[in-house]
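Derivation of every value follows stated rules applied to the coordinates shown; laboratory data play no part. Remember, it's a predicted structure, so these values are computed and weren't measured experimentally. Heads up, the Cβs are rebuilt from the backbone with ideal geometry, glycines too, and the neighbour counts pull from every protein chain shown.
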């Protein structure tokens with residue numbers, strides 16, 4: 001939405017997805033391979049694929065000529081595959097049956113990629129990255145996206161239509177910066193990543209022109225382009241007020257533990273990657289309530305091996321010392337696709353093979369993670385939880401695989417143990433039948449729980465007003481879960497965005513929750529919010 | 001300088017219901033087995049011939065098209081496996097000889113082709 005501030009610069013208002021302020025160069029990027037395309041008839045689709053293959057061949061040949069030597073020979077393999085009629089024939093047959101060219105191509109390549117990845121031989125496994133590259137090149141051409149990556153300077157305000165989480169992770173945010181999305185949603189996965197990194201983000205800006213410099217205000221949800229001095233002054237003043245209020249909230253962190261009506265409230269942090277522990281406030285947490293492990297699947301083309309995973313888990317356990325660390329197994333699928341792992345072409349990925357469903361269907365990948373976790377379990381206070389659990393049988397199937405992994409490691413003479421196992425409560429059925437689960441703990445994933453209870457795709461910006469986590473139906477399920485935990489002596493925490501939203505805190509405490517897990521940047525504000533509710537004086 | 005034992009000749013000529021096949025056998029000496037570079041070279045060479053050419057490794061049940069790099073890679077033939085080649089068509093003899101030589105000579109880099 002456009003609003004006029006003054007004659008000098010243009011200002012636009014959207015919706016807040018992550019608070020904070022950023023001032024820097026304005027960089028517009030395409031949304032990359034996730035762009036939608038509207039498929040034509042089977043004949044048109046076949047033709048489109050033929051053309052994309054030809055263009056890819058030419059591009060690769062050009063790359064090979066420039067690279068020469070070893071690299072050229074590796075690229076030759078890609079060209080050979082593009083000329084392999086035995087390989088292409090089934091792809092065209094699928095298109096003939098009405099499948100769009102990009103999906104047909106992707107699934108054929110995904111099949112090959114998965115096959116190479118599962119090879120016992122490292123050399124063959126490494127070929128999967130060639131195939132990933134080839135898949136993305138052809139799909140990129142089909143979807144009309146530019147191949148050359150845009151260079152994003154440090155501290156830039158990145159503007160895109162929408163942004164897939166993988167693209168967010170590729171950008172170097174170490175120098176700050178901000179995200180301005182023309183569409184997008186405050187409840188999307190990328191918004192969650194932005195909040196975790198403390199990167200200001202505004203969504204649903206509509207359409208904006210190009211500019212050299214921008215001011216992004218994540219609180220006021222405004223984007224100002226090529227601002228005048230009259231705009232920069234007030235912006236900097238707002239930024240300063242924000243900084244001061246954060247500083248005063250941070251003073252709360254050094255005070256004793258948060259309490260509410262005399263009861264201790266445990267505040268833990270969510271981390272997306274090991275480096276999140278470097279946040280200055282992380283040290284004040286009572287532990288790690290949620291360590292996501294999807295970062296291990298991003299960036300690299302390979303699913304990381306046991307050793308790489310073990311090192312990541314071990315680093316977090318060493319950081320935590322005696323404090324508990326809850327690690328969640330791979331939660332891929334839904335809006336977090338992982339090439340070669342998640343299934344392509346699901347009509348409703350949020351209701352599809354995701355979370356534990358996906359892991360149980362891919363024991364080859366899951367077992368590697370369980371082995372790494374079993375080894376890490378002897379190193380600290382580890383708990384492991386499974387996402388998207390619907391039935392008690394899923395928890396038991398995962399427990400069985402885990403126990404086998406432990407046994408296997410012990411037989412190899414490697415130290416390993418079964419950690420405490422719990423589940424995410426995010427499928428309404430699990431919340432309603434909570435007593436079915438033989439879990440050591442429960443962690444409520446309020447983002448997905450709200451999405452499923454309210455029947456709202458949380459990545460759909462048009463539903464942003466409907467997807468209210470404070471809806472009585474959502475609170476009812478949270479309260480039931482907390483009540484079950486209280487009666488049976490099982491700990492229940494909540495690790496969704498609600499926990500990091502001060503407006504939700506009173507309701508969550510009234511529901512009976514005494515353990516909340518938030519992103520480190522929100523820790524101070526949430527502790528302050530609890531202190532204000534409880535009259536302040538901590539007892540611990 | 002690894003040289004495979006080449007076994008080809010009149011005695012390997014067999015006849016089947018589908019017509020006369022020319023066949024050859026050669027040991028794969030390549031250090032990493034039938035991987036991307038060898039597979040690309042083998043399929044490129046095979047495509048120069050009109051003949052229908054199939055290969056298999058280690059007496060597997062299925063013969064696969066020697067002109068398909070995806071299929072040749074899928075053989076997953078490790079080092080020291082025996083590669084069997086059979087060809088059908090006018091230039092079948094020349095094709096088998098050329099392919100056996102290529103494998104026996106450990107996929108040498110050749111000049112511009």
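When only C-alpha pairs under 8 Å and at least 6 residues apart count, what is the relative contact order of the stretch A:267-471, in percent?
Working: 340 pairs, mean separation 32.0, N = 205.
Reported relative contact order: 16 percent.
Averaged over peptide A:75-87, the number of partner chain Cβ atoms lying within 10 Å of each residue's Cβ comes to 6. For a test of the definition: using alpha carbon positions, the gyration tensor, and the 1.5 limit on a/c, classify the stretch A:42-142 as rounded, prolate or oblate. Oblate, since a/c reaches 1.5 and b/c is not below a/b.
Counting only other chains, what is the mean number of Cβ atoms within 10 angstrom of the Cβ of each residue in peptide B:34-40?
Numbers: counts 1, 6, 12, 5, 0, 4, 9.
Mean inter-chain Cβ contacts per residue within 10 Å come to 5.
The mean sequence distance of close C-alpha pairs (under 8 Å, at least 6 residues apart), as a share of the length of the stretch A:42-142, puts its relative contact order at 33 percent.
Computed FRET efficiency, Cβ-Cβ of residue A:246 and residue A:420, R0 35 Å: what is it to the nearest 0.05?
Details: r = 35 Å, r/R0 = 0.99.
In this case the efficiency is close to 0.50.
Send over the per residue convex hull volume for the stretch A:291-369, Cα only, as a whole number of Å³.
Details: hull volume 7.6 nm³, N = 79.
Hull volume normalised by residue count: 96 Å³.
Entry note, the protein assembly as shown: the mean residue ellipticity at 222 nm calculated from DSSP H runs of n ≥ 4, each adding -39500 (n - 2.57), is -13000 deg cm²/dmol after division by the residues and rounding to the nearest 500. The slack in the chain from residue A:65 to residue A:323, taken as 0.36 nm per residue of separation less the alpha-carbon distance, amounts to 87.4 nm.
For the protein assembly as shown, the Kirkwood hydrodynamic radius from C-alpha pairs, put into Stokes-Einstein at 4 °C and a viscosity of 1.567 mPa s, yields a diffusion coefficient of 47 µm² per second.
Put the Cα centre of the stretch B:69-101 next to the Cα centre of the stretch A:335-400 and the gap is 42 Å.
Let me know the volume per residue of the alpha-carbon convex hull for the stretch A:267-471, in Å³. Don't skip to the end; give the middle numbers.
On the way: hull volume 27.1 nm³, N = 205.
Cα-based convex hull of the stretch A:267-471, divided per residue, equals 132 Å³.
Computed over chain A, relative contact order equals 16 percent, with contacts defined as Cα pairs under 8 Å that lie 6+ residues apart. Applying 0.36 nm per residue to the separation of residue A:438 and residue A:263 and subtracting their alpha-carbon distance, the gain on full extension is 60.3 nm.
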